[in-house]
Amino acid sequence: MTMKTSLILPLFAATYVSAHGFLYKLGVNTQTYTGNLPGATPAPSVIREISTQDPVKGASNPSLTCGMNSTAGSLVADVNPGDAITLDWRDADLSNWPHSTGPMLTYMANCGSTTCDKFDITQAKWFKIQQLGMKDANSWYLADIAAGQVANSSIPSNLAPGNYLMRHEIIALQIAVSIGGAEFYPACAQLRVGGSQTGAPQASDLVSLPGAYSDTDPGIYTPDVYNPGFTYTFPGPAIASFITSDSASMGGSQSSSSSSGGNSTAPQSAAPSASPNSGAGLPSPTNAPSSSKSCRAVKTTSSQSSIQARHVNRFMKKLRLSPSLSGHH
């Protein structure tokens, strides 16, 4: 990448307007639970409803817990340790998820003796069970979601029974070249875990959200995200110490060991690929209704170099054609 190009990319990212979205469906083995459209009249669901498709902005935003002004669903899903979980993220018009750059993180929190539909989420203490970042030097697992696949997770195979929230989070980094540019998309589902396992987090594994992140953490502020050789550092805590390696599939490099941003090498295992939406009883996005949007993300490929080239070419074209961008009036 030339010096001129590397200077243009942050300028492009700062002026980039992105589309947004939400967690549309949660799959548990062969059972599928549908979430409510943002701001819609709520129907029974295990997924907490959010008020808007817009991202949570700022690491200290109260909505970082479970999404923008989230409200409890009226249902609780029964699951067991080791159960497969699929997460179908969509644009608010139910077309494909629009963002392809950034990590996906999964947390859980114990709701105690109350079911999670009645739990005060501001009191939640979260432990991380999974994180997926970059597949390789040129692509992210998130790009599979933007291509119409679902995210995969699982209930930890040794998790003790009880009432739990599962929090799945996408951190979109396409404009995170500036502090405050990261877009957080958290979503929470209300679960009741059965079985007779005994695994539980230690006190050192638990964090508050907000509280575990800073806007200047390396995995949230990423000025070099489009530069060759970029290595991603996950924000937040390390994978909880009781999680077995098959539950904590990794993508990327390191996991932050504390809210202060210290790094420790997280346990590595082969990261799963995403599955087609048709895999867990989930409809294919190609069948979803389309509508006009006020904003739309630039479509990307799995190649980071292709992303960079297309972004720069489009931006340079705008510079040539737009008087306001070129400085001529």
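Observations
- All of (1) modelled with pLDDT under 95; (2) part of a helix (DSSP H, G or I) hold for SER204 with one exception: (1).
- The sole residue among THR122, THR114, THR86 that is open to solvent by 10 Å² or more (accessible area, probe 1.4 Å) and assigned to a strand (DSSP E or B) is THR86.
- Test result for TYR226, assigned to a loop (DSSP other than H, G, I, E, B) and at pLDDT 95 or above: yes
- Number of the exception - THR233 against (1) touching a strand residue (DSSP E or B) at 6+ places or on another chain (Cβ under 6 Å); (2) within 15 Å of TYR107 (Cα to Cα); (3) open to solvent by 10 Å² or more (accessible area, probe 1.4 Å); (4) hydroxyl-bearing (Ser, Thr, Tyr): (2)
- Verdict on THR222 being open to solvent by less than 10 Å² (accessible area, probe 1.4 Å), without any contact (Cβ under 8 Å) to a residue 60 or more places away in the chain and either closer than 21 Å to ALA146 by Cβ or under 18 Å from the mean Cα position of the chain (by Cα) (or both): yes
- Residue under evaluation VAL76, criteria (1) closer than 20 Å to GLN130 by Cα; (2) open to solvent by 10 Å² or more (accessible area, probe 1.4 Å), criterion not met: (1)
- Among the residues of region 66-83, the ones that are touching a Lys or Arg at 6+ places or on another chain (Cβ under 8 Å) and assigned to a loop (DSSP other than H, G, I, E, B) come to 6 in all.
- Where strands (runs of 3 or more DSSP E) fall wholly inside region 134-185, the ranges with 2 or more residues that are among the hydrophobic types (A, V, I, L, M, F, W, C) are 149-154, 162-172.
- When region 186-198 is filtered for residues that are part of a strand (DSSP E or B) and open to solvent by 30 Å² or more (accessible area, probe 1.4 Å), only ARG192 remains.
- Near pairs, Cβ below 6 angstrom, 6+ apart or cross-chain, from region 41-63 (in a strand (DSSP E or B)) to any residue that is open to solvent by 50 Å² or more (accessible area, probe 1.4 Å): GLU49/PRO42; GLU49/THR71
The values are calculated or read from the model by the stated rules, or taken from the named source; none is laboratory data. Predicted, not measured: the structure shown is a model, and the values here were computed from it. Using ideal geometry, Cβ is built from the backbone for each residue, glycine included, and neighbour counts are taken over all protein chains shown. When the accessible area is computed, the model is the full protein with side chains, heavy atoms only, and any ligands, DNA or RNA have been set aside. Shrake-Rupley method; radii C 1.70, N 1.55, O 1.52, S 1.80 Å.
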